[in-house]
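Heads up, the thing below is written out as structure tokens.
The values are calculated or read from the model by the stated rules, or taken from the named source; none is laboratory data. Computed from a predicted model, the values in this text were never measured in an experiment. Positions of Cβ are backbone-derived with ideal geometry, glycine not excepted, and every protein chain shown enters the neighbour counts. SASA here: full protein model, heavy atoms, side chains in, ligands and nucleic acids out. Shrake-Rupley method; radii C 1.70, N 1.55, O 1.52, S 1.80 Å.
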Amino acid sequence: QVQLVESGGGLVQAGGSLRLSCAASGRAFSSYAMGWFRQAPGKEREFVAVISWSGGTTNYGDSVKGRFTISRDNAKNTAYLQMNRLQPEDTAVYYCAARQWGPSSSSSLYNYWGQGTQVTVSS
């Protein structure tokens, strides 16, 4: 069992940056792939980024490539999402998720989810 808690969301102007954190508790965090997803009002949940258990493999959604960076610190049981050059279309609730196998962009394959953190980007 893994419990996930996101933090770091907030209000930022377009062009600004935020770093989200996902703190995990429970067993064997280092064996889980960690993903970030987001959901804007009236839209489906969207894949943002994923990182393998070792950190050696990362993948990004097309809309965030080159602007967002996912990372993890297994010693701290924490995953991060550095978001740069934020745009109003990045406004959403951001969720972190964990799965015990390899990285995936499919939200249905994740076993554990955090409660989400709101990111609002003003124009």
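Values as computed for the structure displayed
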{"read-out": "Difference of contour (0.36 nm per residue) and Cα-Cα distance, ASP73 to ALA14", "value": "18.4 nm"}
{"read-out": "Accessible surface ranking that places the most exposed of GLU6, GLU44, GLU89 first, with a 1.4 angstrom probe", "value": "GLU44, GLU89, GLU6"}
{"read-out": "Model label zone, SER105; criterion: amide N under 20 Å from point 7 Å along Cα-to-beta-carbon; scope the range 30-55", "value": "33-40, 43-55"}
{"read-out": "With at most 10 neighbouring Cβ atoms within 10 Å, loop trypsin sites (Lys or Arg not before Pro) (DSSP) excluded, longest segment of the chain", "value": "66-123"}
{"read-out": "Length gained when the stretch ASP62-ARG27 is fully extended (0.36 nm per residue, less Cα-Cα span)", "value": "9.4 nm"}
{"read-out": "The range 1-111, accessible surface, carbon-and-sulfur percent (1.4 angstrom probe)", "value": "46"}
